[in-house]
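Engineer: Sharing a structure here in structure tokens format.
The values are calculated or read from the model by the stated rules, or taken from the named source; none is laboratory data. Every value quoted in this text rests on a predicted model; they were computed, and no experiment measured them. Backbone-built Cβ (ideal geometry, glycine too); neighbour counts: all protein chains shown.
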Amino acid sequence: MNFVKMMLRHFTQYKLLFSLFIISILIEVAYSVAAPLSLKYLVDEAFTPKNFQVFMIILGVLLVGGLLNICAGAVGDYSLGKLSGGVIRKLRLDLFLHLQKQSLPFYQRYKVGDLVTRFSSDMASMERVVRVSSPYFLKESLSVLLGLIMLLTIQWKLTLAMLVCSTLMFVGPRLLQTRAERANMNFKEAQERFSNTIDEMVKGHRTIKGLHQQKRFQERARQQIQDLFSFGFKLHMTNSFMERLPLTALLILNGMMIGFGGYLIFHDQMTVGGFMAFFTLFMSVGQAGSNLSFLIPNLIESGISFQRVGEILEQQPSVSEASTPVELPPALTSIGMNQVTFGYTEESDQLRDVSLHISAGSYVAFVGPSGSGKSTALQLLSRFYDPGLGTVEINDYDLRTVSESSFRKLAVLVTQETFLFNTTVRDNLLLDGTEATEADMVEAAKQANIHETIMSWPAGYDTWVHHEGGSLSGGERQRIAIARALLRNPKLLLLDEVTSALDPATEAEINELIQRIRGEQTIISVTHRLASVVQADRIHVFKEGRIAESGTHAELLQQNGLYTSLWEKQHGFHLSQDGLHATVDVERLAKLPFFKGIELSVLQGIAALFTTEVCKENEAVVREGEEGNTFYIIVRGKFEIVKHIPDQGERRVAVLQDGDHFGEIAL
Ligand SMILES: Nc1ncnc2c1ncn2[C@@H]1O[C@H](COP(=O)(O)OP(=O)(O)OP(=O)(O)O)[C@@H](O)[C@H]1O
């Protein structure tokens, strides 16, 4: 078994403790075998001939051996406690550190439940085996081995006869082993699935309520709990069979031993003392053997756990650090992409032959239709992925050769999905390792337009953030994340749709902030809102994974291509500063294909019919099957069209954003 090797490797790292433990076990086993053997000499040499002197010698040897045995037991317990604790501590830490090293694809492959189960139930069963089962297994195996040698010396014929019959004790468990392994694996996977459901339910409780999906989750949970019951029952029955079989076999063996032993005594091939010693020793060897088979289910279970933890430990990060990485100086000269092709999976590429050069201090925007690869390009520039072909370069170094810590000091990524830690706002802003002072923190919060909001909370900067930021509004979370990034004073600020959750007034303030800091910092901003990048030094327009157009706003409008059509789509609306009231121009309506040719006076009447609807995050606007009686134009924000596919769950089939429309059938 692989896990035996794995355990031995861990155990032998603690040489002194391991040696102490082995010595103590040897002493204990030797005593447990020698004690029954003393019966032969007591009966044959002391009791039968009534020899008091021999009796006293045997008694003395037993007493000294007993004392030694007690001391060895205490030393063994101590060394085992230290040894197993050390091994488990190392395993836990190794697993944790290994997880931290992993890249994004790993976290997309393994769900939270998969990893939590490995830390909880798998680690617990590994701990059990390291602390209890394997030392016990070692001790009992040695007892069986040494006991058998002694039995052979007492009466080899009886020993061989018993050995042949003893195979019965091991055949049963062996036959059931594969079944037990399968039962264990099934049970663990069922645990994982259930953990993932709990995780999804807790994280998505708002969406579940909003979309009224409680029933779906209840059904899923009911099925998974039923699976836990069925697999748990199978596991219980297999384990019970495995434990019961050897005990039954031991009973049969005892009967045979008395029969054959009696025969040997009657034919003067064995003394009475010899038989008594044999019987006692055989019972203790049998007990040790049966203990071994009791341990087997436990060892199988932990073998599976070792296998599952081993599987994680074998995963190599897809983005790894070079063996001798280049330390970047604290200044940025340029960053860019050189003929980059990249796909999240081998089946398709999300970026194709993308080349761009960004010099220090410039403000660059990536725009384009949804799914065109803007965020993917930013992920590669942040080195969360490495390109399949081509290179991402920083200060003319291939990003793959650069030390991660020096790169992360230069560059900070702020994304739309803001994650805040469950600690105070202050901790979230300052984090570890930053040399920022309280004044710097307040300044960054002011720049991100969140200082006043924080100060309006009773505990101010000491306000506790709950549920990874879920206790705050999307805009508050986003502004704290922007302040956190600014506080690190990065030379390269990578922004991925950072203003999409903000109201127009706050968005305008963040855009002003970008204008203030541009030049000092290199800014790359991914956005679908073109009005916010009019001032950018260069705009790259992405289309189907390629850069379709590049230039300044004015240059791109002159080209009259994709950018122009995106720009026109997003214009012709008027939105109040709080984002709650919108109107649409007649000219904008006239551009919609189905209003073509309609007189402006009629369109004016239609424009007046529009009202503003504000949708909350994750709120369903239209559900399949509902009567479509409203025509919508999205002034601001993103809508996903999600389809429920049986057995596959929900699939995003399209994304609509600023300027897109839907529900024309209602017209
Ligand atoms: N982790 C991922 N694994 C697999 N495919 C992905 C992953 N992330 C994005 N994609 C796919 O890659 C393509 C490009 O996505 P990307 O997020 O870069 O586009 P985008 O232009 O930023 O769009 P949006 O504005 O909607 O965010 C899309 O088809 C998307 O579904």
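Engineer: Under 6 Å between Cβ atoms, which residue pairs at least 6 apart in sequence (or on different chains) link something in segment 534-546 that is within 16 Å of the ligand (Cβ to nearest atom) with a partner that is assigned to a loop (DSSP other than H, G, I, E, B) and not charged (D, E, K, R)?
Structural biologist: 541/368; 542/368; 542/372; 542/373; 543/368; 543/372; 545/350; 545/373
Engineer: Please work out if residue 642 is surrounded by 12 or more Cβ atoms within 10 Å (Cβ to Cβ), outside the structural domain of residue 470 (by TED's automatic domain parsing) and within 16 Å of the ligand (Cβ to nearest atom). Please lay out each step first, then the result.
Structural biologist: Values: surrounded by 12 or more Cβ atoms within 10 Å (Cβ to Cβ): yes; outside the structural domain of residue 470 (by TED's automatic domain parsing): yes; within 16 Å of the ligand (Cβ to nearest atom): yes.
Yes: the conditions hold for residue 642.
Engineer: Being away from the ligand (no atom under 14 Å from the Cβ), farther than 28 Å from residue 592 by Cβ and surrounded by fewer than 20 Cβ atoms within 10 Å (Cβ to Cβ): is that true of residue 560 here? I'd like the intermediate steps shown before the answer.
Structural biologist: Details: away from the ligand (no atom under 14 Å from the Cβ): yes; farther than 28 Å from residue 592 by Cβ: no; surrounded by fewer than 20 Cβ atoms within 10 Å (Cβ to Cβ): yes.
No, not satisfied.
Engineer: Still on this model: In this structure, is residue 14 farther than 30 Å from residue 387 by Cα, in contact with a Leu (Cβ under 8 Å, 6 or more places away or on another chain) and of a type in the set (Phe, Trp, Tyr)? Give the derivation first.
Structural biologist: Values: farther than 30 Å from residue 387 by Cα: yes; in contact with a Leu (Cβ under 8 Å, 6 or more places away or on another chain): yes; of a type in the set (Phe, Trp, Tyr): yes.
Here the answer is yes, as residue 14 does meet what is asked.
Engineer: Going through segment 371-385 one residue at a time, which ones are touching a helix residue (DSSP H, G or I) at 6+ places or on another chain (Cβ under 6 Å) and of a type outside the set (Ser, Thr, Tyr)? Walk me through it before giving the result.
Structural biologist: Here is the first cut: in segment 371-385, the residues touching a helix residue (DSSP H, G or I) at 6+ places or on another chain (Cβ under 6 Å) are 383-385.
Scanning segment 371-385 gives 383, 384.
Engineer: Here's a follow-up. Test of understanding: among 142, 158, 146, which residue is touching a Gly at 6+ places or on another chain (Cβ under 7 Å) and either under 30 Å from residue 40 (Cβ atoms) or in the same structural domain as residue 383 (by TED's automatic domain parsing) (or both)?
Structural biologist: Working: 142 fails: touching a Gly at 6+ places or on another chain (Cβ under 7 Å); 146 fails: touching a Gly at 6+ places or on another chain (Cβ under 7 Å).
Going through 142, 158, 146 in turn, the sole match is 158.
Engineer: Please go through segment 270-289 and pick out each residue that is surrounded by 18 or more Cβ atoms within 10 Å (Cβ to Cβ) and closer than 14 Å to residue 246 by Cβ.
Structural biologist: Hits for segment 270-289 are 285, 286, 288, 289.
Engineer: Applying the selection to segment 338-373, what residues are near the ligand (Cβ under 9 Å from one of its atoms) and outside any strand (DSSP E or B)?
Structural biologist: 343, 344, 345, 348, 350, 368, 369, 370, 371, 372, 373
Engineer: Is it the case, given these coordinates, that residue 279 is free of Cβ contacts under 8 Å to residues at least 24 places away in the same chain and away from the ligand (no atom under 16 Å from the Cβ)?
Structural biologist: In short, yes.
Engineer: Return the residues of segment 478-493 that are surrounded by fewer than 24 Cβ atoms within 10 Å (Cβ to Cβ) and either under 18 Å from residue 527 (Cα atoms) or small (Gly, Ala, Ser) (or both); say none if nothing qualifies.
Structural biologist: Passing the criteria: 485, 492.
Engineer: Would you please list the contacts, defined by Cβ atoms under 7 Å and residues six or more apart or on different chains, that run from a residue in segment 366-385 that is under 14 Å from residue 530 (Cβ atoms) and of a type outside the set (S, T, N, Q) to a residue that is in a loop (DSSP other than H, G, I, E, B) and near the ligand (Cβ under 6 Å from one of its atoms)?
Structural biologist: As it stands, the answer is 367/528; 374/368, since those pairs meet every condition given.
Engineer: Of all residues in segment 504-529 being outside any helix (DSSP H, G or I), charged (D, E, K, R) and surrounded by 15 or more Cβ atoms within 10 Å (Cβ to Cβ), which is farthest from the ligand (Cβ to nearest atom)?
Structural biologist: Of the residues in segment 504-529, the ones outside any helix (DSSP H, G or I) are 518-529.
From the residues that got through so far, the ones that are charged (D, E, K, R) too are 518, 520, 529.
Among the residues that remain, those that are also surrounded by 15 or more Cβ atoms within 10 Å (Cβ to Cβ) are: 518, 529.
Numbers: 518: 22, 529: 10 Å.
Filtering first and then ranking leaves 518.
Engineer: A follow-up question, please. Six or more apart or on different chains, Cβ under 6 Å: which pairs go from a residue in segment 106-121 that's farther than 13 Å from residue 198 by Cβ to one that's within 16 Å of the ligand (Cβ to nearest atom) and at pLDDT 90 or above? Could you list them?
Structural biologist: none
Engineer: How about segment 262-313: which of its residues are part of a helix (DSSP H, G or I) and of a type in the set (Ser, Thr, Tyr)? Can you show your working first?
Structural biologist: Restricting attention to segment 262-313, the residues satisfying the condition of being part of a helix (DSSP H, G or I) are 262-266, 272-313.
Of everything in segment 262-313, those that are part of a helix (DSSP H, G or I) and of a type in the set (Ser, Thr, Tyr) turn out to be 263, 280, 284, 290, 293, 302, 305.
Engineer: Where the second residue is at pLDDT below 85 and among the acidic types (Asp, Glu) and the first is closer than 21 Å to residue 226 by Cβ and lies in segment 167-190, which pairs have Cβ atoms under 8 Å and are six or more apart or on separate chains?
Structural biologist: 184/301
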